[in-house]
Structure formats: C-alpha cells, structure tokens
Amino acid sequence: MELRLLRYFLAVARENSFTRAARYLHVTQPTLSRQMMDLEEELGQKLLNRDSHNITLTPEGMLLRKRAEEIMAMVRKTEAEFNSIGENVAGDLYIGGGESRAMELIADIIAELHESYPDIQFHLYTGVASDVMERLDNGLLDFGVLLQPVDIARYDSISLPVKDTWGVLMRRDHPLASRESVTPDDLRHQELICSRRDPRNPSVRNPYVEWFGGSLEKLHVVAVHNLIQNASLLVERGMGTALTLKPKNINGDKLCFRPFQPKLESGSSFVWKKYQVFSKAAELFLDRVREHFGDSEAEQTATEQKEIDRKEMK
C-alpha cells in the first residue's frame with residue numbers, strides 16, 4: 001500500500017468530496033476517484049459511500065482512516081528524527097500521560113532540558129493508560145507516564161516517586177461535602193461520573209474496583225471521563241459526583257474534593273518500548289529521567305542479581 005494512496009484517502013475522508021479533495025491534492029477528480037477504487041480493490045473492502053452530494057466512510061473506511069492517520073504521523077515523526085541528525089540536538093519528542101502529579105515531575109525535566117537544548121520540540125499527549133499504551137505500541141509516542149495498576153511487563157520502566165490520591169469531586173452544596181472523606185457506602189446510591197479505564201484492555205485495571213468491594217455493576221454511572229477538567233463542568237451543573245484523582249486546579253468557589261476512606265493511592269511509572277531505538281533528543285531525555293529517578297526497574301533487577309551472584313562467588 002502506497003503512502004500516496006493513504007494521503008489521498010485521508011483528503012477524501014476530510015473533505016467528504018472528491019471535488020474538494022482533488023482540488024486540495026492538485027489532481028483531477030477522475031484520477032482521484034480511480035485511485036480510491038484501486039485502494040478498495042487492493043484491500044478487498046468498500047471504504048466509501050458515494051452519492052451525488054457527499055462522500056461518507058463505511059465502518060471499514062473509518063478503521064482505515066484511524067490507521068492511516070497513525071501511519072502518516074509515524075512517517076512525519078521518522079522524517080523529523082532523520083532531519084535532526086547532526087551535531088546539534090534538535091527534533092521532536094513525544095510524551096503521553098494522564099492528569100497525575102507524576103506529570104509535574106516530567107514537566108520539570110522538560111523545562112530543564114529545554115534550557116540546554118532549545119531546538120527540541122516537545123509534544124504532549126493527554127489520555128488514560130490504554131490510550132497512551134496504544135500510541136506507544138504504534139510508535140507515536142517515545143515515552144509514557146502510566147498510572148498504576150497497569151501491566152507494564154512489555155515495557156522498560158522507571159517508578160516515579162510520587163503518588164496520587166483518589167477521591168470524589170463534588171459541589172460544595174452536596175450533602176457529602178460536609179464529610180472529611182467518603183466511603184463506598186456513601187457513593188452506592190449517588191449519580192457518579194467515573195474515570196475511563198478501557199475494559200477491553202486486560203493490562204489496565206480499574207484502581208477502585210476493589211475499593212468498592214470488587215464490583216462496579218450496582219453503581220449509578222451517568223457519565224465517563226478521561227479529563228477531569230471537562231468532567232468538572234458536569235459536576236458544576238449538578239449531574240453527579242466525579243471519581244477522580246485529586247485535581248490540582250478546580251473551581252474552589254463551587255467544587256470541593258473529598259478523599260476515599262479507606263485511603264486509595266496510585267503510583268506512576270515512566271515507560272518506553274523494550275529495545276527502542278531512540279533519537280538523540282529522546283536519549284537525552286531518558287538520561288535526565290535516570291539521573292533524577294534512577295535506572296529502569298529491569299536494570300535495577302539485573303544490578304541486584306549481579307550483586308547477589310558476586311556475593312555467592314565469595
């Protein structure tokens with residue numbers, strides 16, 4: 001499959017029109033239409049619904065759009081890495097993570113590295129663990145910051161020395177706002193706005209399932225979020241209380257945070273793909289992370305085993 005065809009397909013998907021897409025691509029409309037038919041024949045799937053006024057994507061077309069966007073992003077990333085090769089350290093660095101305290105540590109290192117290497121451009125992606133892992137696996141991120149619990153066996157990782165506290169974001173006039181903390185029983189009959197943990201990804205476990213006694217089935221969930229800033233807008237409007245990490249910035253006049261009781265905390269891991277070949281910028285960043293927080297957990301295990309072997313040999 002040629003990259004040119006993917007670029008053509010994305011233009012058609014974006015413009016919803018052969019005419020507009022052909023104008024954007026500087027090709028004739030018959031040429032573009034024929035190329036899309038060739039692409040459908042190559043994949044053995046219908047990708048586009050054609051009518052006289054509009055072009056829409058079939059389910060197969062929507063899948064291809066997602067994959068094509070990932071492929072083109074990877075191409076741009078690879079080109080940028082090769083363009084940055086030389087004496088000066090430059091290029092793009094891609095880091096993903098959630099809204100956790102651990103990202104403050106990463107932001108400190110970004111700012112520190114920027115002072116020494118101003119030509120490095122940083123790209124930050126915010127999402128839940130499953131989203132970050134998917135982008136890591138597809139090569140769209142160099143590093144990820146994952147909130148525990150999550151299975152990170154397929155990555156190299158460094159534990160970050162910070163923990164986030166789980167609790168509930170609510171309006172100040174909510175009946176539970178007078179409490180210092182909230183229990184599972186307090187929330188069983190409340191309308192809840194929950195943080196999203198992808199149930200299709202067995203590597204990512206919901207941190208508060210056990211806190212609720214092992215099941216969330218009886219909870220009244222009215223909405224799901226991956227960014228607490230947006231979820232807080234629903235809380236302000238009285239839709240419910242949001243289960244979330246303790247947010248750094250909230251509307252203190254209208255909202256308040258109450259921690260779980262028993263206390264529930266989650267640590268974070270800084271991760272990257274095993275056997276990853278890094279750009280100079282990414283290598284420098286990883287070196288700074290190691291300087292601040294130590295070697296990766298795998299490297300620590302290997303070092304500890306070497307020390308054990310050395311002692312046994314004596």
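The values are calculated or read from the model by the stated rules, or taken from the named source; none is laboratory data. These numbers come from a predicted model, not from an experiment. Every residue, glycine among them, receives a Cβ derived from its backbone with ideal geometry; neighbour counts consider all protein chains shown.
Here are a few things to note about the model shown:
- Considering the range 20-76, the residues that are basic (Lys, Arg), farther than 26 Å from Leu140 by Cα and assigned to a helix (DSSP H, G or I) include one that is modelled with the highest pLDDT, namely Arg34.
- Counted residues, the range 163-181 - those being over 10 Å from Leu255 (Cα atoms) and in contact with a Phe, Trp or Tyr (Cβ under 6 Å, 6 or more places away or on another chain): 2
- Of all the criteria given as (1) surrounded by fewer than 18 Cβ atoms within 10 Å (Cβ to Cβ); (2) hydrophobic (A, V, I, L, M, F, W, C); (3) farther than 25 Å from Glu79 by Cβ, the one not satisfied by Leu48 is (1).
- Residues of the range 224-275 that turn out to be part of a strand (DSSP E or B), surrounded by fewer than 16 Cβ atoms within 10 Å (Cβ to Cβ) and free of Cβ contacts under 8 Å to residues at least 60 places away in the same chain, as a count: 1
- Some residue of the range 110-128 being within 24 Å of His225 (Cα to Cα), of a type in the set (Asp, Glu) and not in a loop (DSSP other than H, G, I, E, B): no
- Subset of the range 129-175 [over 14 Å from Lys273 (Cα atoms) and assigned to a loop (DSSP other than H, G, I, E, B)]: Gln148, Pro149, Arg172, Asp173, His174
- Residue match in the range 178-193 (condition: in a loop (DSSP other than H, G, I, E, B), crowded, with 16+ Cβ neighbours inside 10 Å and hydroxyl-bearing (Ser, Thr, Tyr)): no
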